[in-house]
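Participant: Quick one: structure below, then a few questions.
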Amino acid sequence: VDSNVMIEITSHVISSRGYHVEMFVPFVVFWALISGGNCARILGIIAFPSYSHQIVFQPLWRELSLRGHQVTTLTTDPINDAKLTNLTEIDLRFSYEVWRSALAEVIDGSQIHFVKVLRTATLAMQEISRRQLAHPSVQGLIHGDVSFDLLIVEYFQPSMFAFAERFRCPHIGVSSVDVPSNVLRLIGHPIHPVVYPDYMLSFTDHSTLLKRLKSIAFSLYAEFEYNHYLYSLQQELVETFFGSNYSSLVEMAKNASLLFTNSDPILYKPKPFLPNVIQIGGGSYRIPPAPLPNKLVGVLDAASSGAIYFSLGT
């Protein structure tokens with residue numbers, strides 16, 4: 001039916017009942033201008049002790065809280081902004097001590113042993129997760145009378161997936177860097193190690209047979225190290241801190257509603273993604289920069305031939 005005809009019919013019905021159409025105009029305009037919205041209770045877990053991991057998602061917590069959502073985060077670098085009254089932060093900065101000790105073991109000044117790095121990182125992640133889950137405030141979440149509507153969790157600590165099952169809520173996986181190949185395969189995303197080498201490797205193409213073999217070898221090792229060894233260790237933490245009646249972490253990982261990856265398609269070789277994997281890189285998360293130090297401003301201003309200044313972020 002034509003919209004004009006509908007308006008005429010409505011006007012006739014109103015007039016036949018002794019009302020004037022003009023009487024209803026203010027009410028129609030009022031209801032048309034009203035927009036409804038629902039606020040949610042959101043648990044955000046970015047518990048990896050690295051500022052570069054934290055800074056990516058701080059604007060997200062800020063904006064969600066400013067828009068009326070009740071946000072609770074587990075973080076090693078709290079924002080500590082008193083104006084964000086809807087944001088509750090559980091401070092886990094003690095985790096840096098464990099991570100720095102682990103780094104000191106694998107860096108000998110001139111050389112980094114890659115295989116040793118992966119195993120040391122796995123064991124360090126296990127200890128970090130254990131201490132974080134044992135934290136009194138985190139225990140309060142696990143055993144307290146609280147609820148959440150959504151979990152946003154970084155995919156570096158699988159034991160944290162259990163919060164989604166604890167609160168019976170959907171979860172969104174996030175990564176502050178490009179998603180590791182083993183994580184993509186874990187959530188059912190096909191990725192070929194020869195065509196798309198893992199971002200942790202020192203090369204991005206497959207121009208030589210040696211590079212292809214290295215990429216395949218790394219892919220197999222990472223699959224074992226993370227998706228089997230790390231996940232089995234983290235499953236023990238779930239049983240210790242949550243209970244023995246929880247699903248396997250592999251199943252929890254596969255149940256992610258979405259996966260956000262901090263990568264920019266402009267900087268990477270084109271890569272096909274499933275609809276549930278979304279790239280969010282490109283500057284949307286950037287926070288307003290702090291003023292430059294006066295000494296640096298003086299150097300830049302005095303550069304008669306110009307200057308190139310860039311920051312590595314952390």
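Participant: Looking at (1) modelled with pLDDT of 90 or more; (2) more than 17 Å from the chain's Cα centre (by Cα), which one does Ile266 not meet, given that it meets all the others?
Facilitator: Every condition holds for Ile266 apart from (1).
Participant: Based on this model, can you work out whether Val277 counts as crowded, with 16+ Cβ neighbours inside 10 Å, in contact (Cβ under 8 Å) with a residue 24 or more places away in the chain, among the β-branched types (Val, Ile, Thr) and touching a helix residue (DSSP H, G or I) at 6+ places or on another chain (Cβ under 7 Å)?
Facilitator: Here the answer is no, as Val277 does not meet what is asked.
Participant: Could you tell me how many of the residues in segment 78-90 are free of Cβ contacts under 8 Å to residues at least 40 places away in the same chain and either touching a strand residue (DSSP E or B) at 6+ places or on another chain (Cβ under 9 Å) or part of a helix (DSSP H, G or I) (or both)?
Facilitator: 9
Participant: Every residue in segment 161-218 that is buried (at least 19 other Cβ atoms within 10 Å of the Cβ) and of a type in the set (Gly, Ala, Ser), please.
Facilitator: Once the filter is applied, which keeps residues that are buried (at least 19 other Cβ atoms within 10 Å of the Cβ) and of a type in the set (Gly, Ala, Ser), segment 161-218 yields Ala162, Ala164, Gly173, Ser175, Ser176, Ser181, Ser215.
Participant: Suppose we filter Ser263, Ser247 for residues that are crowded, with 19+ Cβ neighbours inside 10 Å and either of a type in the set (Ser, Thr, Tyr) or part of a helix (DSSP H, G or I) (or both); which single one remains?
Facilitator: Ser263
Participant: Okay, moving on. Run Val71 past the list (1) at pLDDT below 95; (2) out of contact with any Asp or Glu (no Cβ under 8 Å at 6 or more places or on another chain) and report the number of the one that doesn't hold.
Facilitator: (1)
The values are calculated or read from the model by the stated rules, or taken from the named source; none is laboratory data. All of these numbers come straight from a predicted model, not from anything done at the bench. Neighbour counts are summed over all protein chains in view; Cβ atoms, including those assigned to glycine, are modelled from backbone coordinates with ideal geometry.
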